[in-house]
Amino acid sequence: MATNRQWIYAQKPTGQVGPEHFELRTSVMPDPGPGEVLVKTSLLSIDPASRAWMAGRTYRSMLEPGEVMAGWGLGEVVASLSPKFQPGDRVSGEFGWQEHAAVSAARLTKHDKHHAPEHILGVLGITGLTAYFGMLDVGKPRPGETVLISGAAGAVGSIAGQIAKIAGCRVVGTTGSAEKCAWLTNDLGFDAAIDYKQGGIARQLKTVCPEGIDVYFDNTGGEVLEAALARMNLRGRVACCGNVSQYDGATPGGGPMGVPGFLVTKRIRMEGFVVMDFYDRREQAEAALARWIADGTLKAPVDIIEGFEGMPTALAGMFAGKNRGKLMVRVN
C-alpha cells in the first residue's frame, strides 16, 4: 500500500517554535474525491505567518494540535478527478507539510512550466505578489521619496525594496546582521541598511533618513515600527504586511508609542493588507514581476533546504534569522 509522509503540528509552543512541536508521521496515500486532484509535492514554502497561525485566528482559522501543519507548496498532478487538471500539470496551493495532498481543484493554480519552480513559489507566487501589491497599491511610492523596509533581507522585504527602487525611490532596509546589510546594499541595490541588533534604532534611522521617511513597508512591527513612525514625513504611508517580531514568543509586546498622535499630526495613512485582497489583478502583477526578472531589473533570492525531514528545523532557523530571501524546502 502506498504511503504518505506528513509533518503533524503536535504541540502548541509557549515560546519559540522548534522541532519538538512537530511529529513526522506516515499515513495512507490519500485518494482524490470528486472534483479533487492528487498532487505530489516538490517544494514547500516556509513563512513567518506559520507561527501566527499557531497563536490564534488570523485571516485563517487557528491551527490545532493533531492537524497536518499548514503551508503553501508547489507540486505535480499525479491523478485528477477534475476536468481542469491533467497528470503532469504543475500546480500550487495550500498542500500542508506533506509529500502528497488531495486538494479541491478550485483551490489550485496551474503554472507555466517555463518558469523556474523556485520562482513560481517565490517571486511569482504569494511572496512576490505580497511585495508588489503592498508596495505599489498600499505604499504608493513616488520617485524621489524615501522608503524604509523592515525585515528587508527576508522573502517579501527583499522584493519590496527592489520594487521601490524600480519606482525611483531611495530605499533603506533594516535587518539583523552586518553581513545582511552588506548583501542588501551590494547585491540588491538598497541605498542603505541598518542592523537593528546593534541597538539605537531611532538614532540609526535619524542618521540614514535625515529627511524623514515617506513610505514604511512594515514586516516586523515592534521597535522598528515605533522608531519609523517618529521619522515619518507629512502624509507618509505605512503598509502593514507582517508582525514577525511578535510571532515567535510567549507574550506579544505592546503597541508602538505615539499612535494615534503621529498619525493625526502628520496625517499618516497606516493600512494593513492581505495579498488575497488583490487576486483579481494577479496576472498583471505576475507579468510585471516576470518581466523584471527576465531583464535583470529584479533579483529573486532563494534559500532552499534539501529534504522533507528538515521542515521544522527550517522554520525555527527562519526565526533565528538564518535565511536570506525566500526560504523553501525541496521535498524530494
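Results, tabulated for the structure shown:
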{"quantity": "Charge dipole magnitude, Cβ of K and R +1, D and E -1 - the chain, Cα centre, debye nearest 20", "calculated": "800"}
{"quantity": "For the chain: span of alpha carbons on each principal axis (Å, largest first)", "calculated": "65, 44, 35"}
{"quantity": "Net charge, residue 177 excluded, C-beta distance under 13 Å - Lys, Arg +1, Asp, Glu -1", "calculated": "+2"}
{"quantity": "Computed P(r) (all Cα pairs; the stretch 12-63; 5 Å bins; percent)", "calculated": "4, 12, 17, 19, 21, 19, 6, 2, 0"}
{"quantity": "Average accessible area per residue (Å²) across the chain - probe 1.4 Å, nucleic acids and ligands excluded", "calculated": "43"}
{"quantity": "Gyration tensor (alpha-carbon) shape descriptor, the stretch 20-139, a/c threshold 1.5", "calculated": "oblate"}
{"quantity": "Summed side-chain charge close to residue 65 - residues other than residue 65 whose Cβ falls under 10 Å, Lys, Arg +1, Asp, Glu -1", "calculated": "-2"}
{"quantity": "Crossing angle, helix 282-294 versus the chain [Cα axis fit, 0-90 degrees, rounded to tens]", "calculated": "80"}
{"quantity": "Max mean-square fluctuation residue, GNM over the chain, Cα-Cα springs under 10 Å, options 56, 93, 317", "calculated": "56"}
{"quantity": "Dipole magnitude of the stretch 218-332 about its Cα centre (Cβ charges: Lys, Arg +1; Asp, Glu -1), debye to nearest 20", "calculated": "520"}
{"quantity": "Compactness of the stretch 182-323 - radius of gyration and Dmax, Cα, Å", "calculated": "17.6, 52"}
{"quantity": "9 Å beta-carbon shell around residue 110, net charge (K/R +1, D/E -1)", "calculated": "0"}
{"quantity": "Cut-off 13 Å, label 7 Å out along Cα→Cβ of residue 320, residues of the stretch 171-191 by amide N", "calculated": "none"}
{"quantity": "Heavy-atom accessible surface of the chain: percent carbon and sulfur, 1.4 Å", "calculated": "52"}
{"quantity": "Length gained when the stretch residue 294-residue 203 is fully extended (0.36 nm per residue, less Cα-Cα span)", "calculated": "28.9 nm"}
{"quantity": "Ellipticity estimate at 222 nm from DSSP helix runs (n ≥ 4, -39,500 (n - 2.57)) divided over the chain, nearest 500", "calculated": "-7500 deg cm²/dmol"}
{"quantity": "The chain: relative contact order in percent, alpha carbon pairs under 8 Å with at least 6 residues between", "calculated": "18"}
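The values are calculated or read from the model by the stated rules, or taken from the named source; none is laboratory data. What you see is a predicted model; the values in this text were computed from it and never measured. As a convention, Cβ positions derive from the backbone with ideal geometry for all residues, glycine included, and neighbour counts pool all protein chains shown. The accessibility values were calculated without ligands, DNA or RNA, using every heavy atom of the protein model including side chains. Shrake-Rupley method; radii C 1.70, N 1.55, O 1.52, S 1.80 Å.
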